[in-house]
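Here is the structure we will look at, set down as structure tokens.
The values are calculated or read from the model by the stated rules, or taken from the named source; none is laboratory data. Note that this is a predicted model, so its numbers are computed, not measured. All Cβ positions, glycine included, derive from the backbone under ideal geometry; neighbour counts span all protein chains shown. Keep in mind that these areas ignore ligands, DNA and RNA; they rest on the heavy atoms of the full protein, side chains included. Shrake-Rupley method; radii C 1.70, N 1.55, O 1.52, S 1.80 Å.
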Amino acid sequence: MMNQEKLIRKFKDEAVAVYLLEHEKGVNDFKRYVVSTRDTRDLMNYPEIINCDFTNLMQNGITNALKGINILESLSTINSKSVNVYHILRGGLNFKVSDALRKAFGYKWHSSSYISSQRVLKEGKFEISEDYYRKFIIPDNATVYTADIVASGISLNHGIEYVNNYLKSKNFKLKNIIFITIGCIEAEKVLSKW
């Protein structure tokens, strides 16, 4: 039996439309928003947009998406010193989340963490071949923002697993994780495991 899901518009203005993807009770314990901005629509509709134009549109789109979700979730009330931007290298850099948080909420005290994650296809399955670059400083009770363009989900899963192990080793708790992507079913599969 398929789970029934509904897309419900929660907020709309000139810059952003925010929809809640509502599911049957007990299916997921996390909120899923679908956000559309003029900039992100251009990225999806015009694949010839590349390089700096791509990252600038992405940053503007993410900034407006954060502002729209803030209307519903009060993200801007989170103390920026408890926020960590977790960069899964290289794809996560395209989103410029740190800059978007600064533009959307004025954040300037958040920390950043990094992990490299190069995937390769081996015997029909993707696996991580290189993840040696790691820089971590996540505070206790943190809200972690991360973003990635998810293809197979292996880099995202590896990245979340590393954060989970890091937090356990420090005996730290995680308050929230906010994951931003350009639509991919694999991301949802990975996130639902955690």
Q. Calculated from DSSP H runs of 4 or more alone, at -39500 (n - 2.57) each and per residue, what is the 222 nm mean residue ellipticity of the chain, nearest 500?
A. -11000 deg cm²/dmol
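Considering only protein heavy atoms and a probe of 1.4 Å, how much of the accessible area of the chain is carbon and sulfur, as a whole percent?
50 percent
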**Q.** Cα gyration tensor shape of the chain, rounded if a/c is under 1.5, else prolate or oblate by comparing a/b with b/c
**A.** rounded
Q) Dipole magnitude of the chain about its Cα centre, charges +1 at Lys/Arg Cβ and -1 at Asp/Glu Cβ only, in debye to the nearest 20? A) 600 debye
Q.
Just to confirm, what accessible area per residue do you get for the chain at 1.4 Å probe, in whole Å²?
A. 60 Å²
Q | Positive minus negative residues near ASN79 (Lys, Arg vs Asp, Glu; Cβ under 14 Å) | A | +2
Q | Ordering of 168-177, 59-68, 104-113 by burial proxy (mean other Cβ atoms within 10 Å per residue, highest first) | A | 59-68, 104-113, 168-177
(Q) Could you order the peptides 152-159, 49-56, 34-41 from most to least packed, using the average number of other C-beta atoms within 10 Å per residue? (A) 152-159, 34-41, 49-56
Q) Which net charge results when you count Lys and Arg as +1 and Asp and Glu as -1 among the other residues whose beta-carbon is under 13 Å from that of ASN164? A) +3
